[in-house]
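Only one structure is covered here, and it is reproduced in the block below.
The values are calculated or read from the model by the stated rules, or taken from the named source; none is laboratory data. Please read all numbers here as calculations on a predicted model, not as lab measurements. Don't worry about glycine lacking a Cβ; one is built from the backbone with ideal geometry, like all the others, and counts go over all protein chains shown.
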Amino acid sequence: MSIAHRPSDETLVAFATGTLDEGLALVVAAHIELDRESRRRTREFMAIQGELLDRVEPVAMAAGHPAEKLEQLLAIPAPLSPPIEADMPAVLRPYALGPWRPIGLRIAMRRVEVPGADSRVFMLRAGPGIALPPHKHTGFEWTTILAGAYEHEYGRYAAGDFDEADAEHDHTPRVDPVEGCTCLVAMTGKVLLQGWLGRLLQPLVRF
Amino acid sequence: MFDANVLIAAIARSGDRAAFAELFDHFAPRVKGLLMRGGASAELAEEIAQETLLSVWRKAAMFDPAKASASTWIATIARNRRIDVARREIRSRLSQVYEILDDEGPQPPDETISAAERDTRVRAAMTKLSADQYRVVELAFLEGLSHQDVATHLAIPLGTVKSRLRLALSHLRSKLEDLR
């Protein structure tokens, strides 16, 4: 997998420190799962936190060792892993997924239930050669491409790539004419869709 | 001499409680201190520090010194427990996402540097940061503050925060890349 587009350092630091909105973090995680370089950078940022932990002034604990809790822990069996769905990012496993719903000719979307997220998260699958509806947004639209590719004015985004679009962007992605495209998207703010497909999509992206 | 790797291995091997007590005495006050630096109250920091060390006990067998140093691994667990505690009312699953990435993210075969090397380099690079750069890195990492929050906190312009952090990160990056 050859990755051309990655999250910014600021985004990866926010991801590493666990302060991103959960929906946005999930899309970053899906990218990291696919991209060795971003995985390495995230590990470096975690190593910085390890270093800060070594250097910090310790603060004495009020309570002693949690001996009682330890006894309780020993009695708890290890949790079982949920079943794995083929071709799905492992990081989506903790979340409930809605059914694939057609939202137009050869376009389908599937909602990802992320309780507590300020963003809306969904998977989008589009057939080869489709032009996705031209749109603008008032917040972020972060996308990790899971399979296939699309292209817009900022370049070609293929499997594993991360598309970090903000309110400045106004784009019309065109899906790869051969492979089609499946991606994971998190959106904040309002999406302003244009065109007939946009009007179809509008009520769905608003959830 | 205190050796976290040896202690974690002893817990993994035989549930060694003396090893756990020693690890707890070393790390729990540091995790607490780190969280308080990050703005958590003493009570909250104490609770998360407890939870963190309990997770260390539970996950000791999964610790892989080739992937991360003990400090980095424990800082990672502390982050996950902090997320759990901060977001428990909304049934957040985010810490599971991090755990899936950490547990299953395949160790790339061509990653030649060991975790120990990476940590040594990060440590060396951090000592070379100016006091101003260090403070910005600390704020961005410890408190997960946005650039704007850091600017407000230090009462310096947003542009200064961005350039200091960018400089600090690129400095760290170049130190890390020397040895790759």
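Here are a few things to note about the model shown:
- Filtering segment B:70-88 for residues that are at pLDDT below 90, facing another protein chain (nearest Cβ under 7 Å) and assigned to a loop (DSSP other than H, G, I, E, B) leaves a non-empty set.
- Test: residue in segment A:92-107 that is in a helix (DSSP H, G or I) and on the phi < 0 side of the Ramachandran plot: yes
- In segment A:136-186, counting only strands (runs of 3 or more DSSP E) that sit wholly within it, the ones holding 3 or more residues that are surrounded by 18 or more Cβ atoms within 10 Å (Cβ to Cβ) and either at pLDDT 90 or above or in contact with a Ser or Thr (Cβ under 9 Å, 6 or more places away or on another chain) (or both) span A:141-152, A:162-165.
- When residues of segment B:54-101 are limited to those that are among the hydroxyl-bearing types (Ser, Thr, Tyr) and out of contact with any Leu (no Cβ under 6 Å at 6 or more places or on another chain), the one farthest from A:SER119 (Cα to Cα): B:SER69
- Restricting segment B:127-138 to residues that are part of a helix (DSSP H, G or I) and free of Cβ contacts under 8 Å to residues at least 24 places away in the same chain, the residue that is nearest to the other protein chains (Cβ to nearest Cβ) is B:THR127.
- Test for A:GLU68: is it within 14 Å of chain B (Cβ to nearest Cβ), at pLDDT below 85 and within 30 Å of B:SER69 (Cα to Cα): yes
- Residues in segment B:94-126 that are in a helix (DSSP H, G or I) and modelled with pLDDT under 75: B:ASP103, B:GLU104, B:ALA115, B:ALA116.
- Tally of residues being touching a helix residue (DSSP H, G or I) at 6+ places or on another chain (Cβ under 7 Å) and more than 11 Å from every other protein chain (Cβ to nearest Cβ) across segment B:155-169: 4
- Taken over segment B:27-67, the criterion of being part of a loop (DSSP other than H, G, I, E, B) and at the interface with chain A (Cβ under 7 Å from one of its Cβ atoms) is satisfied by no residue.
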